[in-house]
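One structure is given below, encoded as C-alpha cells.
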Amino acid sequence: MQDVVMLAEEDAEMVEPKEELVAAPPTPPSALTRAAKLLELLIGRTCGRLAVVVSRWPYRTILISVVVCLVMSTGWLNLDDEDQVEKLYTPQNTRAFSDRDWVEDRFGDAPSMSQAYLNRKGKRTNLLTKDALLEVFDLHELVLSISSEGGSRGYDSRSCERVYWNAEAVLCQKQSVLAFWDYNRTLLEEDDNITATINRGGDKEDCCSPTSRTVSLDSVAGKFRYTNGVITGAGALRVVYYLETHLNRKSRSDPHAMRLERKFQDRIRDPEWTYFEKPFPITNWGNSENSQRNFDYDRAFINASIVIIILYAFFALYTRDKDRSRGQLGLGAVLCVVLSTAAAFGIAMASGLTFSPSTGVAIFLVLGIGLDDSFVICSAVDDHLADHDRARSPLENDARDVMEKGKTVEEVTARRIVHTLASSGPSITVTSLTDTAAFVAGSFTETPDVSNFNRFCAISVLVDFAMQLTFFVALFTLDQRRRLRVKIEQLKKEEEEEEEEAERQRRLARCCFREKRVRDEEEPAVPPAAAAAAAAAKDDETPPQVVAVPTTNKDDDDDEDDDDDHREVPRGARMHADPAHHFWGVTYANALLSPLGKALVLASMVTILTLAGIGVSQLDMDIEDAWTVVGGVEEKALNFQKKHFGSATDWVGVYTKRTDYFANRDAFYDVLAKYDDLNFVAGDSASTSWYAAYDAWLSDSGITNLNQNDWESNLRLYLNTTDGLAYADKIVFDDRGAVVATEIDTYWKSDGNEGGDGTRRMRKAREEVRGTDVGTVIVYNNGFIWNESFAIILRTTVFAMSIACIVVFVILVLLLGDVLAALIVSCFVGFVCVSTLGAVYWYNDAVNYITSFFIVIAVGLSADAPAHIMHAFLESRRPTRQGRACHALETLGPSVFKGGFSTILGIAITGACVTYVFRTFFNYLMTILILALYSGLCLMPVICSLVGPMPTHDIHLSHDNLRRAGNLIEEAARQGVQFAALPECFVGKYGVSNFAGHAEKLGEEGSGSAMLAQAAARTGITVAGGIIENAEHDKLYNSIVSYGPRGHVATYRKRHLSRVLGITSESDVLTAGDEHVVAAVETLEIGMACCFDLRFRDFLSGYDFVDILCAPSAFLEVTGRDHWELLARRAALDGQCYVVAPNVAYDDADEVPLHGCSIVADPWGRVLAKTAPDQDALAIADVDRAFISETRSKLPLETCRNSVVLCQSSN
C-alpha cells in the first residue's frame, strides 16, 4: 500500500485553511503602489470615456480639433523673430552686457573692420618687393574708390573711422604694410631700400593704426623670409580698413556699413592680380552672408528629413492587405503632429516667446514623440488579449459580431476604440508627462534660445497629447471602420466559396466501413488513433513504444465541448501574428536576455560610461567664429588668418568711472601695474596710458603744485595739444568739466599661457582691478559677452539637467507607483545625459551655447523609451523578471523602435549639412536618440531581468501560490506520501490572457518548476504540477512537470488543447504536445494527462497499463458541475487504474470561474477522496496494486478491445 497525495489550490485570494499549512500572508501593496494603480485606472477610464465620445462622432471631433488648432495658430500673428546670435545664446543679465551698455553710452560704437588677406602667387613670390607693394597700393586705391548710396558713403573720409589723434590731417583709421610709406605711392616709388625700411620696426610712426602708434610688421605681414636675421621677404599681407558705425540696438548692425562691406568683398576679388592671389576678405557682411547661404543649403536637407519621416510613417503602417494596411493613418499621424506643432507654436508666440531658427528643430522632436504615441495606439488595437475567440484575429472577431450578432460597424468599432484607448492611454500619458516635465525643467537654463526651445517643446508635447486623444483617435476610428468593412466583405466571399466547395464535396463523397483487429494477446495495445495514423502512413507493422507512444489528431468523443481543432499550431502563428512582435518578444529577447547577451550589454554600458567619464574630465569651453562660417572664400580667409596671423594681439579696454583722479594718482598706477603683470597682457599700459602721457606733459611743461581744479583744467588744455589729441576720445567730461569716464587701450596675447581660454583670462583681469581706491574699474571687449556666457553655461546646463531629472523622477514615482522603477528610468536618463556630455570631447568639440542646448534637451528625449519599457515590465503578468522583460519587449518593442527610428531616419540626412549648428544637431541628437533606444531596448530589459521591481498588479498571487503550494507539499511529506500532485497552471490564474504572463523555462529562478524541484529535493518525495512551459523555438506548452529527490522525472505536454466556445481557446497561444508520458515513481507507473485530455478515450487508452493516471486540471465551472466527476471516474473505469485529478479551486470572483472539487478515483470508479470546491486542501489516498490486478483480471478489457475505422472515398 502506498499513499498518493492530491493537492487542490485556490487560484484567487486564499480562503483561510488550517493554520499549520499556511505561512505568513502576502505583503499588501504599498500606499504608493495603490495610489499609482488608482491613478492609472483613472487615466485609463478617462481615456476610455473620451474614446466613447470621439469614436461615436469622429467627423465632429476632426472638425472641432482642426478649428481649435487654427484658432490657436493665430498666435503666429504675434511672431517675434530673433536671429541675433548674442541674444539667442548668451545670458542677457550678465556683467558683460551692462559693461557694454556703459561703454557704448560714453564712448560710442566700436568701428567695423573690413579685412583683406593677400597670399603670394607661387612659393617664391616676395610681396615685400617694390613692384608687389605698388600692386598693394593699387588694391588700396581700389578700396578707397568704393562707394555706396549714390556716392555719399565710402571707405575714404566719407564713412571711415577718423584718426582723432592727428589734428593736422583728415585721416582714416587703417592698417597695412603701406604705413611704412604713410600710404603715399610717391614715397614708395622713391624708396631705394625696401628691406631697410621694413626693418625699422618701432622707429617708424604709424599715422593711421588705432592699435599702435608705430608700425608693427608682425600684425600686417606673415610668411616671413629671413637672411642673416633680417626680414627680406613675406608671402602674406594683411590690410584693414575701419568704418564708422552707428549700431541699431536691436539688430546690433549698421546697414550702411554692411552695404559698403558687400561692395568691398566683391570689388577686391574682381581683378586678377600679378603678385598675389585674389584677396581673402573678412567682413561682417561676408560672414553673415556665408552663414545665411549655408543655412539655406542645410534647410534643403531639413525639409528632406521631414519628407523622409512622413514616408516612414506611411510605410511603417502600410501592408498590401487592404484590411491590415494603415498607410493613410500614418499620414494622418503626421498631420496630427503638424497641426499640434502649429497650434502649440501659436500659443507660445501669443504668450510672448521668441521664435528662432533653432526653434524649428522642435518639429523633429515632436514628430518623433507624436509618432511614438500613434504607434502605441495602433499596436494596442491589435492586442488579441481583449478577444474571447482567440483563434481569430481581433478584426475577424469584430467582423463576426457584425455578421452574426446584428451589430453595426459603428458600434463594434467604438467598442474596439474604447478598449484601445483605455489600455494605451496610461502609457502615452506617462511618456507625455515625463517629456513635458523634462522640457519645463530644461527651460530654467539662462541661455535664452535653449529656454525658449524647451518651452516650445513642452507646449507642443501637451498639445500633441491632446490631439492624439482626439484628432488621431477620430482618424483611427474612421480607418478602423474602413478595415472592418473590408474584412466583412472578405469573410462573406470566403463563406460563399466554402459553401460552393462543400456542395461539390457532398456530390462526390462516398463512405465505406470496415473493421480491423488492432491488437492480439501477444502484442502490446496500440491506441486506435495511433493505428489509424500508422495505416495512413502505410507502416502498420511498426510496434508502439511503451513510454512515449505517438498519437494522432483524431478523436472519437461526441461530447458537445469537444468541437476543437487539434492541429498543432506553433506559438508564433497565433500569439505573434505580427512578425515584429515575434522578433522583439522572441528572437531578440532570447538573444538579449541570454547570459552572453546580458554580459555584452553590461560590458557595453560600462564601456560607454568609461568613455563618457574620460570625455567629461577633458571638457573645455570654447567657441570660434569659424564655426558659423563654412565654405567659400570666407572660411579660407578665417583659416588663413588663423594660420599666419594668429599670434596677433587682441584689444581690450580698461575703463574707469567717476573718481578723484587727482588724489588717487598713485592708486591708479598701482592698478595698472598689477594688471600689466598678468602673463597674457602684452605691453605696458601704465606707461602708455593717457594718465602717464598727461603726467609727462605736465612735467615737460614745468607745471607743478596743482590742486584738483588746476589738474582738471590743465587736462583739458593737454587734450587740445598735438600729443593730447591721441587721447581726446579716451576721456569723457560732464557739463561741469569733471572727468566721469576714461578709456585705456591694452592688448592681450592670443597665444598666452592660458591656452586661449578667454573666460579664465576675463575673470583674472577683473579680479586684479577689483576693490581699489580708484573705484570701479571695467575690463571689457566684445568677446567678454561670450566669455561670460561660458562662465555660466556649464553651471546652468548641469543645473537644468539635474532639475529635469528630478522632476522626471517625481512624475515617474507618481505614475508608476514604484520608487525603484522610477529610479531605474531616471538613472538611464542620467546615463544618456552624461554620455552625451562626454561625447562632446570625443567629437573634438567644446561646451558652448550650441552643445549645451542638446545636453539640456537630452533629458526630455531620453525618457520615452525606458519609461515605455518599464511601464510594460510593471504591467506584465509573467512570474519571473526574465519573463516580464521578454513580455515588455514583445508588447512595446516594435512601437518604441518605430517611434525612435522615425526620428533617427529623418535626422540621418542632416549628416550632409555643412554649418556647425546643424552638424552639431546631427551629432548630438543622433547620439541622444541612439542612446535612448539603447537604454530602452537593451539596457532596460537586461537590468529589469536582473534587479527589476515587482509588478504593480496582482502578480504577487503567483508568488503566494508558490509559497502555499510548497507549504502543502511539506505537510504531505510529513504524512508519509510518496507522490504529490498540484493542479494545472497552479502558478497563477488560469486563462488564455494569462498564459504568456506565467510562461517559464524549466528550472527558471522563481518559477513553478523550480519550486517543484526544490520541494522534491527538500522533502524526498516525487511531485508533479501544471505550468506554462516556454520551450524550444519559443513555443508555449501547457505542461505537467514531475520532479523527484534526484531531479527531473518527466514532462508531459498537454495533447488536447481546451476549446469552449465563448470562454476559452488554448490553441490561440499554446502548442499541443504529441506524446504519452509515463513516469516511474518507486514501483508505480504513473501516466500523465491534463484536464481536457480526459474527454478523449482513444488518447487515454494509451495509458491502459499504468497504475495511476495523473491528470492535473483547471476544469471550468460551466462544464465541471456536470462533467468533472463523471470524466474522472470514467477514466478510472476505462483504464482500470487510479486517477489523481487535482483541480483549481472555485472562486466566483474569477473572470473564468473553475470548478474545484479535486478527485482521487480507484479502478472500480469509486471516489476515494474529494475536496471542497473552494478551499486549499490535502486529499490523500492509498494505492493498492493488488486491487488493480484484481480488477483487470475480473474485467479483461484489453483482450476484448476492437476498433472501428471509417474511411472516405472520392469515387
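The values are calculated or read from the model by the stated rules, or taken from the named source; none is laboratory data. No experiment lies behind these values; they were computed from the predicted model shown. We place every Cβ from the backbone using ideal geometry, glycine too, and count neighbours over all the protein chains shown. Please note that ligands, DNA and RNA were not included when accessible areas were found on the heavy atoms of the full protein model with its side chains. Shrake-Rupley method; radii C 1.70, N 1.55, O 1.52, S 1.80 Å.
Here are a few things to note about the model shown:
- Test: residue in the range 315-334 that is open to solvent by less than 50 Å² (accessible area, probe 1.4 Å), part of a loop (DSSP other than H, G, I, E, B) and of a type in the set (A, V, I, L, M): yes
- Number of positions in the range 658-672 that are within 12 Å of residue 712 (Cα to Cα) and of a type in the set (Val, Ile, Thr): 0
- In the range 745-755, residue least open to solvent (accessible area, probe 1.4 Å) [restricted to those that are touching a Phe, Trp or Tyr at 6+ places or on another chain (Cβ under 7 Å) and at pLDDT 80 or above]: 748
- Where a residue in the range 702-730 is more than 21 Å from residue 656 (Cα to Cα) and its partner, wherever it lies, is surrounded by 12 or more Cβ atoms within 10 Å (Cβ to Cβ) and among the aromatic types (Phe, Trp, Tyr), with Cβ under 7 Å and at least six apart: 723/697
- Within the range 1111-1165, being in contact with a helix residue (DSSP H, G or I) (Cβ under 6 Å, 6 or more places away or on another chain), among the hydroxyl-bearing types (Ser, Thr, Tyr) and at pLDDT 90 or above holds for one residue alone: 1113.
- Criterion applied to 702, 758, 771 was being under 60 Å from the mean Cα position of the chain (by Cα) and surrounded by fewer than 16 Cβ atoms within 10 Å (Cβ to Cβ), and the one residue passing it is 771.
- Matching residues, the range 220-265, being in a helix (DSSP H, G or I), touching a Lys or Arg at 6+ places or on another chain (Cβ under 8 Å) and farther than 30 Å from residue 105 by Cα: 220
- Scanning the range 683-710 for residues that are in contact with a strand residue (DSSP E or B) (Cβ under 6 Å, 6 or more places away or on another chain) and modelled with pLDDT under 80 yields a count of 2.
- Test: residue in the range 1045-1063 that is open to solvent by less than 20 Å² (accessible area, probe 1.4 Å), assigned to a loop (DSSP other than H, G, I, E, B) and of a type in the set (Val, Ile, Thr): no
- Residue that is nearest to residue 924 (Cα to Cα) [pool: residues in the range 851-877 that are open to solvent by less than 10 Å² (accessible area, probe 1.4 Å) and not in a helix (DSSP H, G or I)]: 863
- Residues satisfying the criterion are absent from the range 493-510 (criterion: surrounded by fewer than 22 Cβ atoms within 10 Å (Cβ to Cβ), at pLDDT 85 or above and closer than 30 Å to residue 313 by Cα).
- Condition met for residue 92 (surrounded by fewer than 15 Cβ atoms within 10 Å (Cβ to Cβ), in contact with a Lys or Arg (Cβ under 7 Å, 6 or more places away or on another chain) and more than 30 Å from residue 468 (Cβ to Cβ)): no
- Residue that is surrounded by the most Cβ atoms within 10 Å (Cβ to Cβ), among those in the range 271-283 that are over 17 Å from residue 636 (Cβ atoms) and not hydroxyl-bearing (Ser, Thr, Tyr): 271
- Taking (1) at pLDDT below 90; (2) over 25 Å from residue 651 (Cβ atoms) in turn, residue 167 satisfies each apart from (2).
- Qualifying residue in the range 1085-1093 (condition: at pLDDT 90 or above, in a strand (DSSP E or B) and open to solvent by 10 Å² or more (accessible area, probe 1.4 Å)): yes
- Residues (touching a helix residue (DSSP H, G or I) at 6+ places or on another chain (Cβ under 8 Å) and farther than 26 Å from residue 890 by Cα) located in the range 589-612: 608, 609, 611, 612
- Within the range 775-800, residues that are on the phi > 0 side of the Ramachandran plot sit with their Cβ atoms under 9 Å from residues that are open to solvent by less than 10 Å² (accessible area, probe 1.4 Å) and among the β-branched types (Val, Ile, Thr), at 6+ positions apart or across chains, in these pairs: 775/656.
- Qualifying residue in the range 639-651 (condition: open to solvent by less than 10 Å² (accessible area, probe 1.4 Å) and assigned to a helix (DSSP H, G or I)): no
- Residues in the range 670-694 that are part of a loop (DSSP other than H, G, I, E, B) and among the small types (Gly, Ala, Ser) were compared, and the one that is surrounded by the most Cβ atoms within 10 Å (Cβ to Cβ) is 689.
- Restricted to the range 433-444, and to residues there that are open to solvent by 10 Å² or more (accessible area, probe 1.4 Å) and closer than 27 Å to residue 786 by Cβ, the residue that is modelled with the highest pLDDT is 443.
- For beta carbons closer than 9 Å, sequence separation of 6+ or different chains, a first residue in the range 595-617 that is free of Cβ contacts under 8 Å to residues at least 60 places away in the same chain and a second that is in a helix (DSSP H, G or I) and open to solvent by 80 Å² or more (accessible area, probe 1.4 Å), the qualifying pairs are 617/841.
- Filter result for residue 666 (among the acidic types (Asp, Glu), in a helix (DSSP H, G or I) and surrounded by 14 or more Cβ atoms within 10 Å (Cβ to Cβ)): no
- Options 955, 904; residue that is among the hydrophobic types (A, V, I, L, M, F, W, C), over 17 Å from residue 588 (Cβ atoms) and modelled with pLDDT under 80: 955
- Some residue of the range 774-783 being within 36 Å of the chain's Cα centre (by Cα) and crowded, with 16+ Cβ neighbours inside 10 Å: no
- Flag for residue 680 being in contact (Cβ under 8 Å) with a residue 60 or more places away in the chain and among the aromatic types (Phe, Trp, Tyr): yes
- Residue within the range 1009-1027 that is open to solvent by 10 Å² or more (accessible area, probe 1.4 Å) and either of a type in the set (Ser, Thr, Tyr) or under 33 Å from the mean Cα position of the chain (by Cα) (or both) present: yes
- The residue that is nearest to the chain's Cα centre (by Cα), among those in the range 838-863 that are closer than 20 Å to residue 915 by Cβ and β-branched (Val, Ile, Thr), is 857.
- Selection of the range 124-141 for residues being closer than 18 Å to residue 281 by Cα and open to solvent by 30 Å² or more (accessible area, probe 1.4 Å) yields 138, 141.
- Filter pass, residue 311 being assigned to a helix (DSSP H, G or I), open to solvent by 10 Å² or more (accessible area, probe 1.4 Å) and either farther than 25 Å from residue 455 by Cα or at pLDDT below 75 (or both): yes
- Restricting attention to the range 92-141, the residues that are part of a helix (DSSP H, G or I) and under 17 Å from residue 176 (Cβ atoms) add up to 12.
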